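The values are calculated or read from the model by the stated rules, or taken from the named source; none is laboratory data. Remember, it's a predicted structure, so these values are computed and weren't measured experimentally. Glycine gets a Cβ as well: all are built from the backbone with ideal geometry, and neighbour counts include every protein chain shown.
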């Protein structure tokens with residue numbers, strides 16, 4: 001027999017009528033629901049870390065039974081646990097559950113948004129914190145002060161009075177061996193001075209301090225007609241972080257990271273000047289216009305030799321090594337304009353990072369990475385096998401740099417004490433790629449092997465083409481299935497009447513064999529010869545990236561009027577199944593078309609490209625040519641070289657003599673198949689290259 005409940009003990013709002021409804025499902029032995037019930041879920045929603053939903057427990061809950069879900073009215077509810085009823089009353093909810101959900105069953109609430117769990121909430125909160133943390137603020141006295149604290153530098157304010165009675169301020173940011181003096185007048189930056197007090201013994205560091213101060217001043221000063229409300233600290237914060245990182249890793253006396261970076265620059269600059277002299281005296285430069293020789297020589301060394309080093313260039317403090325620039329074979333720039341803003345430049349930024357327990361070579365401070373003769377006069381047999389062609393550089397191995405062993409060493413430091421009681425510094429050289437480079441996984445592994453470190457775990461979900469052209473969200477894509485990417489763009493081409501006119505191209509990129517890829521952002525290194533050794537591979541994939549981005553992205557310039565709503569260009573990704581479906585439904589637009597049968601293409605030009613990056617990198621290009629189809633197979637080699645494997649545009653052998661090739665133009669008779677690759681190397685655009693061939697070789 002059931003014992004009635006005392007009405008006085010009922011929570012407020014709980015009626016006595018609810019107790020007269022008889023036995024509830026919870027009164028049946030063995031039917032007591034688990035803790036995870038829909039009612040406890042309602043209570044847990046007020047917790048900042050709500051529990052994750054459990055479909056299994058949801059099915060076991062008595063609230064989902066037909067007994068409770070069959071009533072569409074609002075009857076009283078019974079509880080065999082006082083805590084559940086008390087919880088309802090504590091939340092201000094009546095026993096009648098008057099929430100305005102009459103007639104709505106649990107099964108019909110599936111479309112309502114549900115909590116995605118604690119992990120997703122934490123991710124969203126972290127994303128908001130990152131957005132707020134990345135905002136550096138505006139250029140002002142308060143903004144600069146906050147930025148110095150964030151960078152871990154000490155600050156001090158000094159006031160000065162001008163002859164006309166106004167008061168100016170100077171913010172002094174100081175670290176272990178770094179000092180920045182920023183003069184402000186009414187929150188407007190007037191001057192910036194950079195000094196390295198602890199590096200006075202190294203004149204090479206002080207030699208570049210003025211250039212660093214000029215870059216920081218450009219980051220802070222107002223442009224003509226610019227309002228102080230629009231001048232942000234974004235660029236200044238990046239450069240300040242670079243300087244602060246090197247300062248934190250420095251240990252005085254013993255390790256000066258600024259001096260270590262400058263030492264690498266001095267050695268690479270010596271190599272750069274030596275190669276300039278070698279290329280300038282090359283017979284290939286004989287007979288060229290004197291005004292273009294210097295620019296061509298510098299472009300050759302930068303894009304085919306050891307690169308072009310520079311300290312504090314292109315609004316970035318620190319050492320940069322330029323190894324590739326777009327269209328470096330076209331209109332070489334004059335020497336006085338180097339490092340200025342122009343074509344996109346691919347470079348490597350050299351810096352330092354803490355070892356933090358990594359078993360890797362520590363930083364060495366030296367400017368003797370290279371001998372004075374630069375080239376080895378007596379190379380060994382191993383040197384001859386390592387270097388197939390070209391000069392053999394005489395690299396040196398400087399002695400290890402040590403710092404005093406102190407008691408404040410961090411737990412993660414690589415505390416390798418030397419016999420003299422000193423230890424190796426907790427810092428390593430790091431090369432950062434600007435921009436990051438996309439390479440196949442096998443190439444990434446070879447780069448990690450070159451610098452002597454283990455590659456990270458391979459991300460199997462990323463392919464080479466998938467990184468360049470991401471899969472649209474919400475689409476099901478099998479990485480092992482061939483893929484097609486279509487793009488429509490306008491190309492400015494020269495007509496037979498010698499006038500420039502836009503031509504519409506419908507480009508198709510086919511990827512029949514997907515290959516895993518990786519984006520290389522930075523690599524550690526221990527010797528500058530490792531950087532020089534990886535440059536040929538970096539140039540190879542920099543050229544591939546340029547060709548793909550120019551031919552199959554939306555970054556094309558529209559040169560004709562567009563109707564309202566017409567897109568500038570279209571980029572679409574398809575799989576093999578999609579291609580077959582469209583082929584089955586579409587009419588054959590290739591055969592029988594007057595535009596395609598004519599010698600000159602009058603409609604949109606179809607350019608089909610097959611991409612291959614393993615085992616060798618190459619492109620197969622197909623486009624309309626004369627009354628047939630041109631088919632050119634290209635191989636992208638190291639240092640950005642383009643080798644023509646096969647082609648059907650130019651006649652080969654003795655076909656150019658007599659009447660065997662009457663369709664060949666005068667330009668075509670003088671060209672060889674490899675000249676097609678040289679033209680593409682100058683244009684660096686598949687669309688412009690196809691238009692040049694159709695105009696000059698048809």
What's the number of the only condition in (1) modelled with pLDDT of 95 or more; (2) at positive phi that residue 626 fails to meet? (1)
Out of curiosity, is residue 439 within 24 Å of residue 685 (Cα to Cα) and either without any contact (Cβ under 8 Å) to a residue 40 or more places away in the chain or in contact with a strand residue (DSSP E or B) (Cβ under 7 Å, 6 or more places away or on another chain) (or both)? yes
Kindly provide the set of residues from the range 141-159 that are over 11 Å from residue 240 (Cα atoms) and touching a residue at least 12 places away in the same chain (Cβ under 8 Å), ordered by number. 141, 143, 145, 154, 155, 156, 157, 158
Go through (1) surrounded by 17 or more Cβ atoms within 10 Å (Cβ to Cβ); (2) touching a helix residue (DSSP H, G or I) at 6+ places or on another chain (Cβ under 8 Å); (3) in contact (Cβ under 8 Å) with a residue 24 or more places away in the chain and name the single condition residue 217 misses. (2)
The range 442-472, subset surrounded by 13 or more Cβ atoms within 10 Å (Cβ to Cβ) and free of Cβ contacts under 8 Å to residues at least 12 places away in the same chain, residue nearest to residue 403 (Cα to Cα): 455
Go through the range 252-265 and give me each residue that's touching a helix residue (DSSP H, G or I) at 6+ places or on another chain (Cβ under 8 Å) and buried (at least 19 other Cβ atoms within 10 Å of the Cβ). 255, 256, 257, 258, 259, 261, 262, 263, 264
Top-ranked residue in the range 540-554 [being in a loop (DSSP other than H, G, I, E, B) and either crowded, with 19+ Cβ neighbours inside 10 Å or more than 17 Å from the chain's Cα centre (by Cα) (or both); ranked as modelled with the lowest pLDDT]: 554
Cβ-Cβ distance below 6 Å, separation of 6 or more or different chains: which pairs start in the range 296-320 with a residue that is at negative phi and not assigned by TED's automatic domain parsing to the domain that holds residue 180 and end on one that is in a loop (DSSP other than H, G, I, E, B) and surrounded by fewer than 23 Cβ atoms within 10 Å (Cβ to Cβ)? 296/332; 299/332; 310/339; 311/208; 313/339
Any chance you could count how many residues in the range 636-648 are part of a strand (DSSP E or B) and surrounded by 17 or more Cβ atoms within 10 Å (Cβ to Cβ)? 4
Filter result (closer than 16 Å to residue 503 by Cβ and not in a loop (DSSP other than H, G, I, E, B)) within the range 675-698: 683, 686, 687, 688, 689, 690, 691, 692, 693, 694, 695, 696
Does the range 129-155 hold any residues that are in a helix (DSSP H, G or I) and modelled with pLDDT of 90 or more, and which are they? 141, 142, 143, 144, 145, 146, 147, 148, 149, 150
Just wondering, is there one or more residues in the range 449-464 that are over 26 Å from residue 366 (Cα atoms), outside the structural domain of residue 611 (by TED's automatic domain parsing), at pLDDT 85 or above and assigned to a helix (DSSP H, G or I)? yes
